[in-house]
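A short write-up of the structure that comes next.
Throughout, read-outs are computed from the coordinates displayed, never taken from laboratory work. Quantities reported herein were computed from a predicted structural model and do not represent experimental measurements.
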């Protein structure tokens, strides 16, 4: 049958779409799900890796300057340092616009007010951005509450307990001590001192104090004493070898002798020195251990004088007022230390007697007013007998040596000799 448009075309049957076997369909779906899971797991691991590698915030407060130092520390994992290097740190204080910036592990520093809590915001930009809030509590400022001058120096009181720093010196000579938790004392030294002293509280706060300490009096040193009544003065140093013959002469003739004793020597032969005092002998301070005092600090030299003086007074019942610096070595610091140690006068000498004879400072014969130096050594008794024969021949009179013996006598600026 034909239509108007021509003969009819034959109709082809439709080919059905290929159908996968059920087993293959399940495998395909499983593969898609596994791939999706892998992608999700990778993304999760990447996120976790960024989290673990995220820099950490570290901070510290310096109470001395009231400054907070903030820096980033590398996170974990192999990428921690890489992420740190690409991170930027910004620190701001809430509400006042203060900002500090740093890159990588460099520090950012922000000043905070003492005595209150400050809120800081830390913002980190980079591969692992984040922000964090910090609250910093700074201790109160350390303040000077009072100060006073006294005969020994300066005392200062502050608002909080102090950290003690023993043996601190100012101007190379003035000692700083801490009589109480909130008190500091600056002792006078050998010369005037104008400087600043930084005090640190136990909580780390600091304050700076201006110091203007005067000089201690310089105890004068005399190598001669008054020549009135043709007086001459016998002194014997150290004390390591007590002389029974010397003691016998003193007992028999009431000979006035001054022993400048080393404390350690006095301790070793205490019964002899008590007998010496009972025989009319005078005890002088020759330090604890016989150092060259000019090589010590003012505090060390003071201790040498003070400790020996107190010990000799306790042991022998006679507190020395006269001192003799070992080796005859003295300077303004040694003289200032003697004042702090409680002495009244320092004593040198103008004549030395030893096994070789009698040696005067000017090479002439013994004269009135001279101070004679001997030592507690073997043979002291013979040296003393020879000396006494010359003293009597020149009509000189041994006299006790006291602080009053130097009236009208000029002190020495330099030692005449050394021993």
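How much of the pair distance distribution for the stretch 78-184 lies past 17 Å, counting alpha-carbon pairs only, in percent? If you can, show how the numbers build up before the last one.
On the way: 3876 of 5671 pairs.
Of all Cα-Cα distances in the stretch 78-184, 68 percent exceed 17 Å.
Set against the 2.2 N^0.38 Å expectation for a compact globular protein, the stretch 144-213 has a Cα radius of gyration ratio of 1.01. Distance distribution P(r), the stretch 351-419, all Cα-Cα pairs, bin width 10 angstrom from 0: 17, 49, 31, 3 percent. Computed over the Cα atoms of the stretch 56-137, the ratio of the radius of gyration to the Kirkwood radius (Rg/Rh) comes to 0.99. Remark on the stretch 221-406: Rg and Dmax equal 15.5, 46 Å (Cα only). Largest first and in whole Å, the equivalent-ellipsoid semi-axes of the stretch 179-259 read 51, 19, 9, each the square root of five times a Cα gyration tensor eigenvalue.
Rounded to a whole number of µm²/s, how large is the Stokes-Einstein D of the stretch 215-322 at 10 °C and 1.306 mPa s, given Rh as the Kirkwood radius over C-alpha pairs? Don't skip to the end; give the middle numbers.
Numbers: Rh = 14.9 Å.
It diffuses with D of about 107 µm²/s by this estimate.
Kirkwood radius and radius of gyration were both taken over the C-alpha atoms of the stretch 274-336, and their ratio Rg/Rh is 1.01.
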